[in-house]
Amino acid sequence: AVRAAVVAMRRHPRSLPIQEEGCGCLVSLGEDPSFNISIRNLGAIPVVLAAIHRHVVAGARLTEYACATLAYQAREGVTHEELETEKAVLEVAKGMDHHLGDMLVQRAACSFLETFAVSAHKRAHIE
């Protein structure tokens, strides 16, 4: 399922419905930690970031699902390089700005930012 979602998202980057459903699939699967390695290894993070970038204005649900997917990845200890940290934080912030009135987007984005900050803080203390 992860592979199918990533392939569909790569093949149809301009399709908001496909990007939204793909991110929805990834967030649903990401709730189970056993899928997070596949999500990471199959290159879903850059695809999710590209989806937010391309559809941030129109895609409130896409932004919500993408932020939640990134939060699950951060929670599972994805590296800064794998997460493309600066790009991820920038895209999430843009999503928050474009969907100020959407509580679900704000919640998912804050979840990512909080999880990322906590995991980065933990890594700094371990190193």
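Of the peptides 6-16, 105-115, the order by per-residue mean of other Cβ atoms within 10 Å, starting with the highest, comes out as 105-115, 6-16.
Helical content alone sets the calculated 222 nm signal of the chain at -26000 deg cm²/dmol, taking -39,500 (n - 2.57) per DSSP H segment of four or more residues and averaging over every residue. This model, with +1 at the C-beta of Lys and Arg and -1 at the C-beta of Asp and Glu, gives the chain a dipole about its Cα centre of some 300 debye. Taking the average, over residues, of other Cβ atoms within 10 Å as the packing measure, peptides 44-54, 78-88 rank 44-54, 78-88 from highest down. Computed with a 1.4 Å probe over protein heavy atoms only, the accessible area of R40 comes to about 50 Å².
Ranking of M103, M96 by solvent-accessible surface, largest first: M103, M96 (1.4 Å probe, protein heavy atoms only, all chains present). Protection proxy ranking of 65-74, 18-27, by the mean of other Cβ atoms within 10 Å over each peptide's residues and highest first, is 65-74, 18-27.
With the Cα gyration tensor of region 64-119 giving a ≥ b ≥ c as the square roots of its eigenvalues, does the rule (a/c under 1.5 for rounded; else a/b larger than b/c for prolate; else oblate) give rounded, prolate or oblate?
Numbers: a/c = 2.33, a/b = 1.66, b/c = 1.41.
Cα axes put region 64-119 in the prolate bin.
Note the full-extension length gain between N41 and H12 as 0.36 nm times their separation in residues minus their Cα-Cα distance, in nm to one decimal.
Numbers: separation 29, 0.36 × 29 = 10.44 nm, distance 2.02 nm.
Separation in residues times 0.36 nm, less the Cα-Cα distance, equals 8.4 nm.
The values are calculated or read from the model by the stated rules, or taken from the named source; none is laboratory data. Here the structure is a predicted model, which means the values were calculated and not measured. For neighbour counting, all protein chains shown are included, and Cβ atoms are generated from backbone atoms with ideal geometry for every residue, glycine included. Keep in mind that these areas ignore ligands, DNA and RNA; they rest on the heavy atoms of the full protein, side chains included. Shrake-Rupley method; radii C 1.70, N 1.55, O 1.52, S 1.80 Å.
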